[in-house]
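Take a look at the structure set out below.
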Amino acid sequence: MANGSRSVWLAGAALLVPLGAANAQVSEEPAPEGGLTDIIEHFAQKVEKKDKTTGKKTEEMIFPRHHQLDVVHQLLADVRAHGAGKRYLIQHSAGSGKSNSIAWLAHQLMGLKKRSGQSDRSDRTLFDSIIVVTDRVLLDRQIRDTIKQFAQVSATVGHAERSGDLRRFIEEGKKIIITTVQKFPFILDEIGDQHRGRHFAILIDEAHSSQGGRTSAAVSRALSAAGDEEEDETFEDKINRIIEARKLLPNASYFAFTATPKNKTLELFGAPLPPDAQGKVKHRPFHSYTMKQAIQEGFILDVLQHYTPVDSYYRLVKTVPGDPEFDVKKARKKLRRYVESHDDAIRLKAEIMVDHFHEQVIGLNKIGGRARAMVVTGSIERALQYFHAIRDYLAERKSPYRAIVAFSGEHDYGGARVSEAALNGFPSNQIADKIREEPYRFLICADKFQTGYDEPLLHTMYVDKHLSGIKAVQTLSRLNRAHPLKHDVFVLDFMNDSRTIQEAFADYYRTTLLSEETDPNKLHDLKAALDGSQVYAPEEVEQLVRLYLDGAERDTLDPILDACVARYLRQLDEDGQVDFKGKAKAFCRTYEFLASILPYHQAGWEKLSIFLNFLIPKLPAPKEDDLAKGILEAIDMDSYRAEKRAAVTLALPDADAEIEPVPTEGGGRKPEPELDRLSNILRQFNDLFGNIPWTDADRVRRLVTEEIPAKVAADPRYQNAKRHGDRQNARIEHDQALKRVVVALLNDDTELFKQFTENESFRRWLADSVFALTYER
């Protein structure tokens with residue numbers, strides 16, 4: 001933005017306001033927060049966009065939404081009151097404009113001054129540098145561009161791409177420095193002594209547990225006031241220095257933004273609440289803008305409004321004369337993977353996707369005919385199969401549309417080495433732009449574009465990948481971005497059931513709280529169990545750590561570790577080995593997290609953590625025979641079909657959710673194989689996954705979709721639970737009512753009764769479907 005005046009239309013009035021210069025520096029005497037002058041001076045921004053295809057430039061005005069204005073004002077007020085050194089967690093829904101919120105916050109922190117009388121630095125800005133850390137390259141570019149648009153002063157903003165950039169940017173007086181979390185530890189190690197002890201504001205986009213442990217230790221080493229190690233530093237001094245380096249910095253403020261906070265994120269950055277009656281300390285975000293609020297205000301769309309599961313029906317047959325035995329659990333996994341990745345199955349599902357897109361998306365003029373679709377797959381191999389199947393079927397239909405495939409690296413397929421650039425015909429960095437252009441309408445992904453991807457034209461998602469928890473929320477939320485012509489979105493899911501998706505979203509529909517803090521006493525228990533195994537001796541731990549901290553070569557450490565591995569194999573049986581290795585991993589995982597927040601030191605824990613991090617990779621896993629090996633050579637797929645269920649709206653609980661703290665359990669036992677005959681495995685597999693040979697499918701369909709839901713809905717106890725209880729109690733009464741209705745069908749429909757009582761998969765599906773049909777009535 002060039003300096004000077006320009007007209008801004010706001011609230012029906014034409015205001016001549018000198019922007020640009022105001023945006024370069026935050027006023028020492030800020031305008032009243034939330035007032036018109038404050039918004040125009042610190043938030044309003046004219047953004048220029050260029051269409052890469054036509055070269056046409058357009059301009060639009062950006063103003064803050066209420067939650068963006070509110071979070072920036074609250075954070076600034078708290079920092080003014082308390083100075084540097086606090087941690088803040090901001091839970092804002094995906095698609096709610098976090099990039100702009102971060103940009104506004106970074107820009108205003110740049111000129112923030114302490115309130116008078118707080119210290120002798122009150123006449124100076126509170127922070128020497130604001131460092132913005134993003135988790136992915138796509139978001140890095142997005143936030144960088146957003147901040148530059150708001151700052152508009154090139155001397156103010158630096159993008160640290162190489163290891164020496166950060167030092168140079170600080171020396172040049174760059175106030176805002178942007179980098180990715182992958183580069184962050186290496187870049188910060190480059191800061192010279194003259195920059196240590198300064199005050200920093202660290203803004204983290206999509207904060208995850210990666211901000212703890214090793215990453216926070218590297219950050220602390222680079223930014224803390226402590227200098228380099230002394231020449232006469234003792235062994236204990238070195239241990240204490242490492243412990244101090246793990247802790248979050250007292251001279252830095254952390255501002256962590258995320259839509260889906262994990263337990264570690266809540267405990268690390270969230271605000272602790274007063275202990276409850278049981279003495280548990282919960283943590284909550286400093287500020288939240290929930291998924292529910294964002295949907296109600298029309299800022300994002302509800303991705304669960306038209307969720308449609310797809311049932312697969314298939315029959316596998318035995319192709320060998322004998323009836324060999326296999327491990328049941330492993331065999332089921334292999335059979336499911338075989339069926340769902342079979343070329344016939346991929347082809348059929350690809351046809352369903354393409355037909356649906358043409359008839360229900362393009363045919364209904366979604367987003368003014370500009371809608372795009374994403375195909376989410378569980379592997380590169382599966383993505384490549386879909387790319388070829390969809391490409392071929394589009395050609396058969398004489399469709400004008402084409403598909404793009406997205407995956408990392410190169411992969412062997414069809415006897416050749418392929419990459420996404422070779423298959424698509426253009427470089428990988430153009431995918432996000434190309435999918436917005438004609439004739440591209442399908443984006444087929446293998447672990448790419450499923451987090452941090454912001455595309456308002458994305459309307460429909462076809463899911464052929466197991467999703468749960470945060471992954472499910474992040475993946476499906478790619479659909480929620482608003483567009484003036486976008487009124488709904490659609491999910492067609494070939495792999496997951498509605499209950500799993502519903503439970504995943506429930507934790508993040510409202511504000512997410514941590515139910516209690518991680519118990520550090522669990523580390524005492526884990527250490528005692530590990531010490532008691534006698535795999536290592538205390539003097540071995542001490543010797544290895546001393547050698548390591550003195551810079552010894554790896555071949556000097558290996559004899560100590562090899563002696564421990566020999567004891568591990570000689571003294572422990574297979575169950576003992578599984579238990580020891582599990583507990584060792586749990587100790588390292590828990591300590592690396594707790595070390596950043598514990599107010600006290602435990603040198604013994606630090607030494608054991610260093611030792612175990614060397615030992616664990618050398619511990620061989622117990623030899624485990626594949627007792628399902630060869631099963632795929634003994635079977636064939638006789639038939640396959642996929643059938644869409646009715647679209648459902650998945651309702652979410654209207655209450656704040658609590659998630660459990662970091663698990664500190666470890667250990668376990670080697671699972672015992674469960675052997676069975678191939679014929680029995682195939683029969684159970686075919687039954688379990690829906691291959692039900694109904695003699696009268698139309699009658700059963702009528703029972704399931706009309707008669708049974710009507711009878712369940714009329715059940716007095718269920719009606720009473722809906723009127724006077726919550727959703728959970730209503731579900732309990734619903735399941736009991738459904739059981740009574742199905743039992744009453746015993747005389748008239750033994751076939752359906754048998755499936756309900758014996759087929760858990762069918763029973764779960766029927767309960768989910770009937771509840772969805774009856775609860776909102």
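The values are calculated or read from the model by the stated rules, or taken from the named source; none is laboratory data. All of these numbers come straight from a predicted model, not from anything done at the bench. For neighbour counting, all protein chains shown are included, and Cβ atoms are generated from backbone atoms with ideal geometry for every residue, glycine included. Quick note on the areas: whole protein, heavy atoms, side chains included, nothing else; ligands and nucleic acids left out. Shrake-Rupley method; radii C 1.70, N 1.55, O 1.52, S 1.80 Å.
Tabulated values for the structure
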| item | result |
| --- | --- |
| Boolean, LEU682 is surrounded by 14 or more Cβ atoms within 10 Å (Cβ to Cβ), assigned to a helix (DSSP H, G or I) and modelled with pLDDT under 70 | yes |
| Pick from the range 421-460, criterion among the small types (Gly, Ala, Ser) and crowded, with 16+ Cβ neighbours inside 10 Å, ranking: farthest from LEU485 (Cα to Cα) | ALA446 |
| Residue pairs meeting the criteria (Cβ under 6 Å; at least 6 apart or on separate chains; first within 16 Å of GLY35 (Cβ to Cβ), in the range 65-79; second charged (D, E, K, R) and open to solvent by 10 Å² or more (accessible area, probe 1.4 Å)) | HIS73/GLU33 |
| Scope the range 389-421; condition assigned to a helix (DSSP H, G or I), touching a residue at least 24 places away in the same chain (Cβ under 8 Å) and among the aliphatic types (A, V, I, L, M); matching residues | ALA389, ILE390, LEU394 |
| Elements of type strands (runs of 3 or more DSSP E) in the range 269-388, at least 1 residues being closer than 30 Å to GLU517 by Cα and open to solvent by less than 40 Å² (accessible area, probe 1.4 Å) | 287-289 |
| Matching residues in the range 725-743 - criterion: being within 19 Å of LEU650 (Cβ to Cβ) and open to solvent by less than 30 Å² (accessible area, probe 1.4 Å) | ALA730, HIS734, LEU738 |
| All positions within the range 516-562 that are surrounded by 14 or more Cβ atoms within 10 Å (Cβ to Cβ), more than 23 Å from PRO620 (Cα to Cα) and of a type in the set (A, V, I, L, M, F, W, C) | LEU523, LEU547, LEU549 |
| Residues satisfying the stated conditions in the range 59-87, i.e. open to solvent by 70 Å² or more (accessible area, probe 1.4 Å) and over 21 Å from THR511 (Cβ atoms) | GLU59, GLU60, HIS82 |
| Qualifying residue in the range 441-464 (condition: of a type in the set (Lys, Arg) and closer than 30 Å to GLU660 by Cα) | yes |
| Verdict on ARG417 being surrounded by 16 or more Cβ atoms within 10 Å (Cβ to Cβ) and under 30 Å from ASP433 (Cβ atoms) | no |
| Failed item in (1) modelled with pLDDT of 95 or more; (2) hydrophobic (A, V, I, L, M, F, W, C); (3) closer than 30 Å to ASP302 by Cβ; (4) open to solvent by 10 Å² or more (accessible area, probe 1.4 Å), with LEU394 passing the rest | (4) |
| Criterion violated by LEU615 - all others in (1) at pLDDT 90 or above; (2) open to solvent by 40 Å² or more (accessible area, probe 1.4 Å) satisfied | (2) |
| Odd one out for ILE560, checked against (1) at pLDDT 90 or above; (2) under 30 Å from VAL376 (Cα atoms) | (2) |
| Elements of type helices (runs of 4 or more DSSP H) contained in the range 536-655, each with 3 or more residues being of a type in the set (A, V, I, L, M) and on the phi > 0 side of the Ramachandran plot | none |
| Qualifying residue in the range 392-399 (condition: more than 26 Å from the chain's Cα centre (by Cα) and among the hydrophobic types (A, V, I, L, M, F, W, C)) | yes |
